[in-house]
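Working notes for the structure below.
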Amino acid sequence: MNRESRTDAGAALTGLILDLFALSNRLLAAGDRLVADLGLTSARWQVLGTILSRDAPQPVAWLARDMGANRQNIQRIVNDLAAEGMVDFRPNPHHRRAQLVVITAKGRSVFDAAMQLQAPWINRLSQGLTAPELKKAHQIILALQAALLGEDDVSGLP
């Protein structure tokens, strides 16, 4: 059996990905602690931010796609946010069943409060790092995201 070994870049990327998984878990836990008193979780906060970052209301499936997340998970979070009065649904003129998700005044207020908590936290977290270093890391992450588009099924890859 002929096994292909990793290139130096492939081995380095494997290590980076494993560390990114650990970092992601720690960021989610820290975010949960940061916004818990606001009735948010990191996931709810992320969904609110995604809704606010769009030029127009979108259906859940589009929000999930833009977040790189599972539609069913985002639907559950949106339903929880709706039950809390932080988002609402509007008719979608292009699709009868896929309603548009809009943020409410309460949702906007809670999101703004979360961002007020985030500013000093992120400033502390970024101490010792430079903006150019962080921008380079961001470019690498964006390049990896672009490379992964369309690779949902990796079973047939060499």
Restricting to the stretch 25-48, and then to whatever is surrounded by fewer than 19 Cβ atoms within 10 Å (Cβ to Cβ) and not in a helix (DSSP H, G or I), can you tell me which residue is modelled with the lowest pLDDT? Gly39
Would you point out which residue out of Ala64, Ala98, Ala12 is among the hydrophobic types (A, V, I, L, M, F, W, C) and outside any helix (DSSP H, G or I)? Ala98
Selection count, the stretch 121-134, where residues are within 15 Å of Leu27 (Cα to Cα) and either surrounded by 10 or more Cβ atoms within 10 Å (Cβ to Cβ) or of a type in the set (D, E, K, R) (or both): 5
Across (1) part of a loop (DSSP other than H, G, I, E, B); (2) out of contact with any helix residue (DSSP H, G or I) (no Cβ under 6 Å at 6 or more places or on another chain); (3) farther than 30 Å from Asp19 by Cβ; (4) modelled with pLDDT of 95 or more, Leu129 clears everything bar (3)
Of the residues Ala12, Ala22, which is more than 29 Å from Ser109 (Cβ to Cβ), without any contact (Cβ under 8 Å) to a residue 12 or more places away in the chain and surrounded by 11 or more Cβ atoms within 10 Å (Cβ to Cβ)? Ala12
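The values are calculated or read from the model by the stated rules, or taken from the named source; none is laboratory data. Since the structure is predicted, the reported quantities are computational estimates derived from the model, not experimental observations. Ideal geometry is used to build each Cβ from the backbone, glycine not excepted, and the neighbour counts take in all protein chains shown.
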